[in-house]
Amino acid sequence: MDKERSLPVIVHDNDFARMSEKQQTALSPKRDQDFPEWYQQVVRAADLAENSEVRGCMVIKPWGYALWERMQGVLDGMFKATGHRNAYFPLFIPLSYLEKEAAHVEGFAKECAVVTHHRLESKDGKLVPAGVLSEPLVVRPTSETIIGAAYARWVKSWRDLPILLNQWANVVRWEMRPRVFLRTAEFLWQEGHTAHETQEEAEEETMKMLRVYETFARDYLAVPVLTGEKSEGERFPGAVKTYCIEAMVQDRKAIQAGTSHFLGQNFSKASGIQYQSREGKLEHAWTTSWGVSTRLIGTLIMMHSDDDGLVVPPRIASTHVVIVPITPKEESRAAVLEAVNHLASSLRAINFHGIPIGVELDARDLGGGIKNWEWIKKGVPIRIEIGPRDLAQGTAAMARRDRGPKEKEFVPVDGIPGTIAGILDEIQEGLLLRATKFRETHTRKIDSLEEFKKFFTPQNREKPEIHGGFALAHWNGSKEVEDQVKDELKVTIRCIPFEDSPEPGVCLFTGEPSRQRVVWAKSY
């Protein structure tokens, strides 16, 4: 069965009550039974997105788009704080622009969608393309070439530099094996593009934006990442150097969560970005590009979610608290609703890391258990229930998404506003700590080829996707070796870590000298 199209097995509240304690999870299969299908179940159960009628494309639903909006908001503020401004460039790129940078077009050629006609005509009752374009247009896979053409018009003197721009946009890369949020033919992203007077400025910019991504992943997504340089085989087409943030998710595979590229003068020469230097000479600018995408949502899902559904770190959540009034009798309904509305207003007045606490008041005419499970599957950090008995006692039932679904704590209602921000911080820190420990547990130094192959070979045929992790092994720097390992084991170099004192050694595959250990893993 196609796992993109298979239907989820989602347990409803009345079914849940009849299950034994060991069976009680909202989703089936569990993570350790079928991780790829579990991922799809989380997406559906949380109502984040769905496949569209166009193969490889997705419909991002409001709950999923709210995550992207939060990511946009935080990152946009971080970009502007470092001197960048937003702009927008065309979706269509003339084919001749891509042809100017040979390595770039070769790297993206197989993924390009191309527009060749500009109108439709009716023929034998069907619409057929007509009006052949004088030059084919490529639907934006990335924007270095079209932005380079604009920079070539804008830059005349060293006084016009630096240019520090970012755009929020969609791109198209024709994926052969799509998966919602991780790999789709069309996805949303941001791409920064900068031009500089000197190599040093451009290299500084490249590293600065890598650190912005690292901070965002750690402090907002609660995703611990490794930072380092990409190998030649994993480098962005046309770049001099590519740097990355790399995460390990719960099936022990790696996800490239963001990249920052030092492009040198490759693209400025191809696009003709030239300026008169301070000495009166004609020079080519030094450029960079950097980006993250809706793949971050997939990373978050696979990093933190459990067998009950999505788990959202509080600092990236749009809704921090859901309040569920319990009103079994009509005569107590008005009093309960008044109390929960008062609590909701008090919480919304509280600032949590720069934004008001997001509160959802769920007063729908549904059973409390059904509503409770819906919010568990959607990953809201804190759930609060208040009924007539709670009202009489001045308490509320509080549950945290980082704990078991049945774990509730009865707390004084009046004390909730004073403690809520601290609890959210505690959840955030706990998720980061848990993810960091998981990565450390499944990261291993390996010094023999036999051990390396065993590390990445499934030992349990019933659970073939649960194995491996990050292998720290020596490598001689050869692309041929890199390609061989990729072909044989489907394992790639995820990054060459930044190290002040790298540990020299011997390449696992050739016996030749190695400057340092690199990170190997299977990846998405």
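So the values come out like this:
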| read-out | value |
| --- | --- |
| Cα shape, the stretch 32-152, gyration tensor, a/c 1.5 rule | oblate |
| Packing-based order for 225-238, 498-511, 422-435, using average beta carbon neighbours within 10 Å, highest first | 225-238, 422-435, 498-511 |
| Share of Cα-Cα pairs in the stretch 239-350 lying beyond 16 Å, as whole percent | 76 percent |
| Within-9-Å neighbourhood charge of Arg235 [Cβ basis; K, R +1; D, E -1] | -1 |
| Pairwise label distance in nanometres, Thr215 with Asp414, each label 7 Å out on the Cα-Cβ vector | 4.1 nm |
| Potential lengthening between Trp158 and Glu232 on full extension [0.36 nm per residue; Cα-Cα distance subtracted] | 23.5 nm |
| Rg ratio (alpha-carbon, reference 2.2 N^0.38 Å) - the chain | 1.09 |
| Cα gyration tensor category, rounded, prolate or oblate, for the stretch 382-426 with a/c compared to 1.5 | oblate |
| Net lengthening on full extension, Lys329/Ala103 (0.36 nm per residue, minus Cα-Cα) | 74.4 nm |
| Overall Cα dimensions of the stretch 419-513, principal axis frame, Å, largest first | 58, 42, 19 |
| Within the accessible area of the chain (1.4 Å probe), percent carbon and sulfur | 50 percent |
| Of the trypsin sites (Lys or Arg not before Pro) in the stretch 316-358, those whose Cβ has at most 11 other Cβ within 10 Å and which sit in DSSP loop | Lys329 |
| Label point 7 Å beyond Cα of Ala113 along Cβ direction - residues of the stretch 24-64 with amide nitrogen under 13 Å | 52-59 |
| Sequence ranges 334-344, 205-215, 65-75, ranked by mean other-Cβ count within 10 angstrom, highest first | 205-215, 65-75, 334-344 |
| The chain - percent relative contact order, Cα under 8 Å, separation 6 or more | 14 percent |
| Over the stretch 225-270 - Rg/Rh using Cα atoms and the Kirkwood inverse-distance radius | 1.09 |
| Gyration tensor verdict on the stretch 300-453 (Cα atoms; rounded if a/c is under 1.5, prolate if a/b is larger than b/c, oblate otherwise) | prolate |
| Accessible area expressed per residue, the chain, with surrounding protein chains retained (probe 1.4 Å, Å²) | 46 Å² |
| Helix-only CD estimate at 222 nm, as mean residue ellipticity for the chain, using -39500 (n - 2.57) per DSSP H run (n ≥ 4) | -10500 deg cm²/dmol |
| Inter-site label distance for Gln72 and Cys57 at 7 Å from Cα along Cβ, in nm | 1.8 nm |
| Average silhouette area of the stretch 147-278, convex hull of alpha-carbon atoms, in square nanometres | 9.3 nm² |
| Where N is the number of residues in the stretch 377-462, Cα Rg divided by 2.2 N^0.38 Å | 1.77 |
| Contour excess over end-to-end distance, with Cα ends at Ser277 and Ala87 and 0.36 nm allotted per residue | 65.8 nm |
| Cβ-based net charge around Asp76, under 12 Å, with every Lys or Arg adding one and every Asp or Glu removing one | +2 |
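The values are calculated or read from the model by the stated rules, or taken from the named source; none is laboratory data. Predicted model only: the values in this text are computed from it and were never measured. Positions of Cβ are backbone-derived with ideal geometry, glycine not excepted, and every protein chain shown enters the neighbour counts. All accessible areas refer to the heavy atoms of the entire protein, side chains included, with ligands and DNA or RNA removed. Shrake-Rupley method; radii C 1.70, N 1.55, O 1.52, S 1.80 Å.
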